[in-house]
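Before any comments, here is the structure.
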Amino acid sequence: MVFKKMLSAFGVGGPSVDTVLANPNTRPGLTLEGQVNLVGGEAAASIEQVTVALVTRVEIEGGDTEYAGVMEFQRATVSGPLQLAPKQQLSIPFQLPVPWETPVTDVYGHRLPGMTMGLRTELAIARAVDKSDLDQVNIHPLPVHERILEAFQRLGFRFKHADLERGHIRGTQQTLPFYQEIEFFAAPQYAQTINEVELSFVTSPHGVDVVLECDKRGGFLSAGHDVFGHYQVSHADADRLDWTAVVDGWLRETTSRYGGLRAQGFGGHPHGHGHGHGRGPGMGGMVAGAALGVAGGMVAGEMIEDAFEGDFAEDFGFGE
């Protein structure tokens, strides 16, 4: 018995944890539901706490270097202290609210390159090695996100890259410690004016702050520079507006501005933005991301196992 307790302390023959999501596909503002399945090990175990948390990979700038780190941004306690007998099976249901600002990871059933999102389950065991589990989560766009992304596609923009950056977008009500950047190559009709466009969404229950950063080309007597636009839309606008015309108007208004909107923001990059619907004084420190030109759809359940092939778990340090 003493030997078994010693092995259990090193994680050998201890309890196991496996989380099963009712549906790994969700959207900002909704809820993830599932159950945490525990199986007792060779000896009785005192479980101190069972928690679930949303985690993602975020680009972090430190000095002159940039590296990727894992960041937790939403957590819930599934269970407090409990005793787990040898070989006992126990299932604990849970619900985890998905923050409105959660970044989009999947569009048209395809994972955006550069995006990783997971639900991490942690089993805290008294006097033993803690156990954990990781499940992929797919965050799909809200209707207003979809309409804006569709508009970029119709205007001819080509997706380049998406990632998350640590920091805050000034002038918005951002609450998460990171923001999403979705980058596009400029469409042909804009190519003489801009090189690339970046789009960020800062979403709330009421609507979305849309932040554009355009890499504006230089002219015969002027250097290239970044220009910024900040626009606000409500969720109710999703099916009311001609989004192709709206986004085209945003881009033309944003690129008509000059460097008076520029300011030195965090991360060593110049950032600035307009106010309200793009009409107003510039404000320093505005950060944006780019836009992706496809609309969202839920991934079929049978595709989930295929999505786990590769480096998903290793991205979070869960590699075997």
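Each value in this text was obtained by applying a stated rule to the coordinates, not by laboratory testing. As the structure is a computational prediction, the values presented were derived from the model and not from experiment. Counting neighbours? That spans all protein chains shown, and the Cβs are built from the backbone with ideal geometry, glycine included.
Results, tabulated for the structure shown:
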{"read-out": "J(HN,Hα) series, the stretch 103-120, from Karplus relation 6.51 cos²θ - 1.76 cosθ + 1.60, nearest Hz, glycine and proline x", "value": "x, 6, 10, 9, 9, 6, x, 10, 6, 5, x, x, 9, 9, 9, x, 9, 9"}
{"read-out": "Relative exposure of Leu251, Leu54, judged by other C-beta atoms within 10 Å (fewest first)", "value": "Leu54, Leu251"}
{"read-out": "Net charge of Cβ neighbours under 12 Å - reference Val247; Lys, Arg +1; Asp, Glu -1", "value": "-1"}
{"read-out": "Sum of side-chain charges, Ile60 neighbourhood, beta-carbon under 9 Å (Lys, Arg +1; Asp, Glu -1)", "value": "-3"}
{"read-out": "Burial ranking of peptide ranges 181-188, 87-94 (average Cβ count within 10 Å, highest at the top)", "value": "181-188, 87-94"}
{"read-out": "Cα-based Rg / Dmax (Å) for the stretch 75-119", "value": "16.6, 45"}
